[in-house]
Amino acid sequence: MALLQISEPGQSPDPHQRKIAVGIDLGTTHSLLASVRNGIAECLPDEHGRVILPSVVRYTTEAPGRQIGYEALAAQHTDPGNTITSVKRLMGRQRGDVHNVDNLPYTVTDGEGMALVNTVAGNKTPVEVSAELLATLRFRAEDSFDNDLFGAVITVPAYFDDAQRQATKDAAQLAGINVLRLINEPTAAAIAYGLEQGSEGVYAIYDLGGGTFDISILRLSKGVFEVVATGGDSALGGDDYDRALAHWALLQTPGQPAPEQLSATDKSMLYNAARACKEQLSHTNSAELAAPLGGGDISVTVTAQNFADSTAQLTLRTVQAVRKTLRDADMGIDDVQGVVMVGGSTRMPVVLQAVEALFGKPPLTNLNPDEVVALGAAIQANQLAGNHIGDALLLLDVIPLSLGIETMGGLVERIVPRNSSIPTARGQDFTTFKDGQTALALHVVQGERDLVADCRSLARFELRGIPPMTAGAARIRVTFTVDADGLLQVGATETQSGVQAHIDVKPSYGLSDDQIAAMLRDSFSTAQQDMQARALVEARVDAERMVLATQSALDADADLLTAQERIGITASISSLSDLIGSDASANAATIESHTKQLAAATEGFAAARMNRGIAQALSGKRLDSV
Ligand code: ADP
Ligand code: MG
């Protein structure tokens, strides 16, 4: 008997089947790239061994026109106007929507749909600037694996709206990256700590970065994270600690001007020195803050206590924001089962102590707080790429494909658009198509295409017992509810009678991510074709509705017409019906023009019917009032 073969640890039996998938933390100040190798998530360094890519792009007039990362950062004091930092704040935003936009060292103007940064190399959209950063990380990944990148999971703040998420995707596309999924930064951090494998409950993710503070409350149930609440301060981060320390140091040095009076160069020199001093104080009890300024050098010894005192207000603000967010979520400190620290600024002992005191338990800190988001994204990317054998359960915190309902003519009405985060609830009103219709066939479908035939059928059910009414009079509310498990429940209620029906569906069941990707690709490449098909179907449905309405009018009130009029209308009906039924000759425009002809031919008839209706109503009234 042949022995079963076992491969060497870390050696996948068929390396060519492995798809290169990475996680990218596209941060305001820093960006990182990570990947799962030999079962372990790790950050990938650049050729100098550095894992962090400063999120900075400097535009120049010399080829190749830009510098990226550390090189750009180094030129920041000398060329602040062309050195784009914190571009994440502009993503998917107009100039007026950006908090403190006037404090940015470069010029931002209004663009078409999104703000523009003005540089010597021309106006750049935030999407283009971000794409430079993403492309740099993509090349880093391809160099380190010596292979093409299959795809990436990119993280975004939990509070990012559709426009900001779309802008992030556009940037990835521009950088030639296939986005496997966008996931929320706090969710990524929780995944990095493997919390989804642990006990269910509520977790707080405390993320203090360079320029922003985000607090997210996540609830884990059945291996899926739901974002319960987000809060924080988009203008509070490590940079504020730098400024507070720098201002304190200025006060200690006689003869130094007030901070507002420093030149731009002096300011950035001083703040950088303060930052270095602050970072050193995370491991030592005192450090030097020294900078050569125009108005005389500055050199101060800073103790940990000096630092704590000069920045206490900032730390307090984060604590207050956490309390407020919990309050908004109707939760107390005791509801929180674990706290995860994210962001370089959580290395500051003052911050760690404050968070521990607030929650009454030590937060999770054993992963590198700069890297934790990228690591979690890498784990997710590895699963989505299908490399993680044996773990079939995909974390699902957005709907991968749109969910909708079949309407007349085999068209799809989308109710929950794809990438909606879950849990979610959406609803839409529908009505009956025929007079006296007492039941409604509901067909739930999944996919991005316009025709039901091109989407995936998920479930069918019926709503019965609708009171008979004229077509279009009934109001049927269809609701889609997706819970944190991705479990869909579709309900339908006729609002006048209250009759209802519902069904449970598991939408992502049985679809691999490859299938999802294929369905999406299909929908992009066939958009034009779908539009024509939709127009044709819509024309057919309108025509059919017209035929039915005319037919039932004839049945009721044919006596209002002369024989000749009746023949004319009947002929129009049958030619329109033929057109609806014929496959070959039909196009949307011909059907529409025939529908209009029938409408014109029945105008007089409709007016006569209306007069009769009014007369009947009036006579009815007289009877009533007798
Ligand atoms: P972002 O997510 O906003 O891009 P990061 O999470 O990378 O930002 O955090 C950057 C911030 O972390 C900077 O303000 C930096 O000074 C700060 N930081 C990094 N290391 C330390 C440290 N050892 N002590 C204190 N602050 C640090
Ligand atoms: Mg961050």
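Report, by residue number, each residue of segment 181-228 that is within 16 Å of ligand 1 (Cβ to nearest atom), over 15 Å from Ile379 (Cβ atoms), over 17 Å from the mean Cα position of the chain (by Cα) and not polar (S, T, N, Q). Correct list: Ile205, Tyr206, Asp207, Leu208, Gly209, Gly210, Gly211, Phe213, Ile215.
Filtering Asp170, Asp162, Asp143 for residues that are within 27 Å of Tyr206 (Cβ to Cβ) and out of contact with any strand residue (DSSP E or B) (no Cβ under 9 Å at 6 or more places or on another chain) leaves a single hit, Asp162. If you go through segment 249-290 and pick out every residue that is closer than 20 Å to Pro105 by Cα and not in a helix (DSSP H, G or I), you end up with 3.
Taking segment 291-312 as the range and being away from ligand 1 (no atom under 16 Å from the Cβ), surrounded by fewer than 16 Cβ atoms within 10 Å (Cβ to Cβ) and part of a strand (DSSP E or B) as the test, the residues that pass are Ser299, Thr301.
If you filter segment 104-137 down to residues that are of a type in the set (D, E, K, R) and within 19 Å of Asp162 (Cα to Cα), you find that the one that is surrounded by the most Cβ atoms within 10 Å (Cβ to Cβ) is Glu128. The set of residues in segment 198-229 that are in a strand (DSSP E or B) and either within 14 Å of ligand 2 (Cβ to nearest atom) or outside the structural domain of Leu326 (by TED's automatic domain parsing) (or both) comprises Ile205, Tyr206, Asp207, Leu208, Phe213, Asp214, Ile215, Ser216.
Taken together, the criteria exclude Asp557 from residues that are outside the structural domain of Thr432 (by TED's automatic domain parsing) and either loosely packed, with under 13 Cβ neighbours inside 10 Å or modelled with pLDDT under 85 (or both).
Figure legend. Inter-residue proximity from segment 303-317: first residues over 17 Å from Ala274 (Cα atoms), second residues modelled with pLDDT under 95, beta-carbon distance below 7 Å, spacing 6+ or different chains. Indicated pairs: Arg317/Asp233; Arg317/Leu236. The residue list Ile68, Ile40, Ile20 contains one member that is more than 16 Å from ligand 2 (Cβ to nearest atom), modelled with pLDDT of 95 or more and surrounded by 10 or more Cβ atoms within 10 Å (Cβ to Cβ), which is Ile68.
Of all the strands (runs of 3 or more DSSP E) wholly in segment 96-143, which have at least 2 residues that are in contact (Cβ under 8 Å) with a residue 24 or more places away in the chain and in contact with a Pro (Cβ under 8 Å, 6 or more places away or on another chain)? Result: empty, no element qualifies. The set of residues in segment 52-65 being surrounded by fewer than 22 Cβ atoms within 10 Å (Cβ to Cβ) and more than 11 Å from ligand 1 (Cβ to nearest atom) consists of Thr60, Thr61, Glu62, Ala63, Pro64, Gly65.
For segment 415-484, the strands (runs of 3 or more DSSP E) that sit wholly inside it and include 2 or more residues that are surrounded by fewer than 17 Cβ atoms within 10 Å (Cβ to Cβ) and of a type outside the set (Ser, Thr, Tyr) are 424-430, 439-446, 456-464. Might you let me know whether segment 43-56 holds any residue that is part of a loop (DSSP other than H, G, I, E, B), at pLDDT 95 or above and over 19 Å from Asp143 (Cα atoms)? Yes, segment 43-56 contains at least one residue that is part of a loop (DSSP other than H, G, I, E, B), at pLDDT 95 or above and over 19 Å from Asp143 (Cα atoms).
Residues that are in a loop (DSSP other than H, G, I, E, B), over 25 Å from Arg327 (Cβ atoms) and at pLDDT below 95: does segment 237-247 have at least one? Within segment 237-247 (the criterion being in a loop (DSSP other than H, G, I, E, B), over 25 Å from Arg327 (Cβ atoms) and at pLDDT below 95), the answer is no, since none of the residues qualifies.
The values are calculated or read from the model by the stated rules, or taken from the named source; none is laboratory data. Here the structure is a predicted model, which means the values were calculated and not measured. All Cβ positions, glycine included, derive from the backbone under ideal geometry; neighbour counts span all protein chains shown.
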